[in-house]
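Trainee: Take a look at this one; I'll ask things after.
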Amino acid sequence: THELLGLIHQQTFLREPTPAGETRGRRARRPRRESDIWLDGVTAVGRMPDDAHWVHVGDRGADCFGLMATCRSTAGHFLIRLVQNRAVGVPLESPDETPDDETQRDLMDEARRVPVTTTKELEIGSRGGRPSRVARLALGSVRVTVRPPKGEPRWRAEAPLTVTVVRVWEPHPPAGVDPLEWILGTDLADQSADALVRYCGWSEWRWPTAEEYHKVQKTGLGIEKVRFETKDRLLAAIALLSVVAVRVLGLRWYREGRPDDPVETVASDVEVAVVAALEPTRASPATVRQFVDAVARLGGWVGRTGDGPPGWASIWRGYQRLADLVRGFELAEAIKPRRKPKPKRCG
């Protein structure tokens with residue numbers, strides 16, 4: 001449903017330069033590698049509850065056997081953008097083959113051999129002078145066996161993984177335009193047309209989710225301007241602002257995706273009451289859009305006919321002000337003096 005439920009885990013790290021002259025073998029034997037942040041994230045999220053279905057979605061930086069194995073150990077699933085052209089096991093295509101018969105092929109070559117299972121359209125926005133367009137994509141898949149890398153001591157004893165490789169490509173791009181192509185990998189076995197479209201949709205949502213989340217932090221909350229004397233204080237501020245960023249992002253997403261839902265979807269009774277009291281000439285907010293727009297007006301958004309939707313800064317300023325007002329309302333209710341009972345008269 002594209003609902004933003006919250007922030008379950010977050011890491012901060014500094015990228016360290018690769019040591020000069022490091023060979024591939026030494027890099028494989030290094031106790032900590034940058035790709036470990038993906039493994040740390042999966043481990044921190046923990047095991048999937050029995051009644052849930054979790055899928056860890058990652059970009060090309062997540063394409064490592066360790067992430068796949070870690071997802072398996074936590075009973076979670078993965079969907080990642082594949083970039084390594086590793087050797088994979090593919091079932092033989094002879095009439096006498098058995099279930100255990102496989103041949104080794106390059107992953108990318110095998111992915112580009114898949115037939116078209118289904119198609120879909122994707123809207124591509126304008127960027128950097130490039131006009132917007134609608135890309136018509138083809139989707140196909142193949143099941144392959146991914147074996148642990150022999151050169152990495154941590155994973156060489158792991159059991160092989162069976163992965164569904166999904167190719168998403170643009171067979172007929174416009175003239176002068178580079179065709180789109182994504183190679184995705186997931187442990188989920190469903191290869192139906194609906195499943196392939198669903199996998200593609202999950203991958204598409206990873207980018208705007210990460211992009212918009214960090215845009216809220218930077219543009220809305222000004223997280224890059226925060227200055228402290230110690231690292232621990234800075235990390236504490238980042239943690240607090242990150243939770244606030246999720247709340248602000250959720251307000252904007254609900255306004256765009258479910259504007260006519262009841263206001264209770266995004267606001268408490270006290271928040272609605274305070275907003276209504278601040279704008280006595282307007283009706284009390286009854287929908288998501290009405291509430292978020294009222295919050296944005298507190299932050300300086302005018303909302304004229306020609307204006308666009310509220311920006312991150314106006315929503316953040318408005319919600320910050322609303323939080324202060326709600327706190328004041330709650331304190332006023334808590335310290336409201338009680339009326340003393342009138343003394344009874346004796347007749």
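Trainee: Can you tell me which residue within the range 122-137, out of those that are surrounded by 10 or more Cβ atoms within 10 Å (Cβ to Cβ) and of a type in the set (Lys, Arg), is farthest from residue 172 (Cα to Cα)?
Mentor: Applying the filter and picking the extreme gives 130.
Trainee: Among the listed residues 33, 15, identify the single one that is of a type in the set (Lys, Arg) and either over 30 Å from residue 237 (Cβ atoms) or open to solvent by 70 Å² or more (accessible area, probe 1.4 Å) (or both).
Mentor: Numbers: 33 fails: either over 30 Å from residue 237 (Cβ atoms) or open to solvent by 70 Å² or more (accessible area, probe 1.4 Å) (or both).
The unique qualifying residue is 15.
Trainee: Enumerate the pairs (first residue in the range 281-305 and in contact (Cβ under 8 Å) with a residue 12 or more places away in the chain and assigned to a loop (DSSP other than H, G, I, E, B); second residue anywhere and open to solvent by 60 Å² or more (accessible area, probe 1.4 Å) and not hydrophobic (A, V, I, L, M, F, W, C)) with beta-carbon separation below 7 Å, excluding pairs fewer than 6 apart on the same chain, so at least 6 apart or on different chains.
Mentor: 299/317; 299/321; 300/317
Trainee: Cβ-Cβ below 7 Å, separation at least six or inter-chain, first residue in the range 190-204 and open to solvent by less than 30 Å² (accessible area, probe 1.4 Å) and at pLDDT 95 or above, second of a type in the set (Ser, Thr, Tyr) and in a loop (DSSP other than H, G, I, E, B): which pairs?
Mentor: Close Cβ pairs satisfying both conditions: 196/117.
Trainee: Enumerate the strands (runs of 3 or more DSSP E) found wholly within the range 110-198, keeping only those where 2 or more residues are in contact with a Ser or Thr (Cβ under 7 Å, 6 or more places away or on another chain), at negative phi and among the hydrophobic types (A, V, I, L, M, F, W, C).
Mentor: Filter on the range 110-198 gives 133-146, 161-169, 181-186.
Trainee: If a residue must be more than 23 Å from residue 221 (Cα to Cα) and outside any helix (DSSP H, G or I), how many such residues does the range 251-280 contain?
Mentor: Residues meeting the conditions: 7.
Trainee: Only one residue in 239, 210, 245 is open to solvent by less than 40 Å² (accessible area, probe 1.4 Å), within 19 Å of residue 14 (Cβ to Cβ) and in a helix (DSSP H, G or I), so which one is that? I'd like the intermediate steps shown before the answer.
Mentor: Values: 239 fails: open to solvent by less than 40 Å² (accessible area, probe 1.4 Å); 245 fails: within 19 Å of residue 14 (Cβ to Cβ).
Going through 239, 210, 245 in turn, the sole match is 210.
Trainee: Hey, another quick one. Could you please find all residues in the range 1-49 being hydroxyl-bearing (Ser, Thr, Tyr) and either over 26 Å from residue 251 (Cβ atoms) or outside any loop (DSSP other than H, G, I, E, B) (or both)? Can you show your working first?
Mentor: Filtering the range 1-49 for residues hydroxyl-bearing (Ser, Thr, Tyr) gives 1, 12, 18, 23, 35, 43.
Listed by number, the residues that qualify are 18, 23, 35, 43.
Trainee: Still on this model: Of all residues being open to solvent by less than 100 Å² (accessible area, probe 1.4 Å) and assigned to a helix (DSSP H, G or I) in the range 213-230, which is farthest from residue 251 (Cα to Cα)? Just the residue, please.
Mentor: Pass one, the range 213-230, residues open to solvent by less than 100 Å² (accessible area, probe 1.4 Å): 213-217, 219-223, 226, 230.
From what is left, the residues that are assigned to a helix (DSSP H, G or I) are 213-217, 219-220, 223.
Working: 213: 12, 214: 15, 215: 14, 216: 11, 217: 14, 219: 16, 220: 13, 223: 19 Å.
Only one residue tops the list, namely 223.
Trainee: Only one of these conditions is not met by residue 103: (1) farther than 30 Å from residue 53 by Cβ; (2) assigned to a loop (DSSP other than H, G, I, E, B). Which number is it?
Mentor: Failed condition: (2).
Trainee: For residues in the range 56-75 being open to solvent by 30 Å² or more (accessible area, probe 1.4 Å) and assigned to a helix (DSSP H, G or I), which is nearest to residue 10 (Cα to Cα)?
Mentor: Taking the candidates together, the pick is 61.
Trainee: I'd like the residue in the range 258-308 that is among the charged types (D, E, K, R) and under 25 Å from the mean Cα position of the chain (by Cα) and, out of all such residues, is surrounded by the most Cβ atoms within 10 Å (Cβ to Cβ). Lay out the reasoning, then the answer.
Mentor: We begin by selecting, within the range 258-308, every residue among the charged types (D, E, K, R); these are 258, 260-261, 264, 269, 271, 279, 282, 289, 293, 297, 304, 307.
Now drop any that are not under 25 Å from the mean Cα position of the chain (by Cα), which leaves 258, 260-261, 264, 289, 293.
On the way: 258: 17, 260: 9, 261: 14, 264: 12, 289: 19, 293: 22.
Out of the qualifying residues, it is 293.
Trainee: Just a yes or no: is a residue in the range 309-318 open to solvent by 60 Å² or more (accessible area, probe 1.4 Å) and either more than 21 Å from residue 3 (Cα to Cα) or at pLDDT 95 or above (or both)?
Mentor: Going through the range 309-318, the residues open to solvent by 60 Å² or more (accessible area, probe 1.4 Å) turn out to be 309, 317.
From what's left, either more than 21 Å from residue 3 (Cα to Cα) or at pLDDT 95 or above (or both): 317.
Yes - at least one qualifying residue is present in the range 309-318.
Trainee: Quick check on residue 331: is it surrounded by fewer than 12 Cβ atoms within 10 Å (Cβ to Cβ) and more than 24 Å from the chain's Cα centre (by Cα)? Working first, answer last.
Mentor: Numbers: surrounded by fewer than 12 Cβ atoms within 10 Å (Cβ to Cβ): yes; more than 24 Å from the chain's Cα centre (by Cα): yes.
So residue 331 passes the test.
Trainee: Check whether at least one residue in the range 154-162 is under 17 Å from residue 107 (Cα atoms) and open to solvent by 40 Å² or more (accessible area, probe 1.4 Å), and report yes or no. Reasoning before the result, please.
Mentor: Kept after step one, since they are under 17 Å from residue 107 (Cα atoms), are these residues of the range 154-162: 160-162.
Those still in the list that are open to solvent by 40 Å² or more (accessible area, probe 1.4 Å) too: 160, 162.
Taking every residue of the range 154-162 in turn, at least one turns out to be under 17 Å from residue 107 (Cα atoms) and open to solvent by 40 Å² or more (accessible area, probe 1.4 Å).
Trainee: Please enumerate the residues belonging to the range 306-317 that are in a helix (DSSP H, G or I) and without any contact (Cβ under 8 Å) to a residue 24 or more places away in the chain. First the steps, then the outcome.
Mentor: Of the range 306-317, the ones in a helix (DSSP H, G or I) are 312-317.
314, 317, listed by residue number.
The values are calculated or read from the model by the stated rules, or taken from the named source; none is laboratory data. Model, not experiment: these values are computed from the prediction. Cβ: placed from backbone, ideal geometry, glycine included. Neighbour counts: every protein chain shown. Heads up: the accessible areas ignore ligands, DNA and RNA and are worked out on the full protein's heavy atoms, side chains in. Shrake-Rupley method; radii C 1.70, N 1.55, O 1.52, S 1.80 Å.
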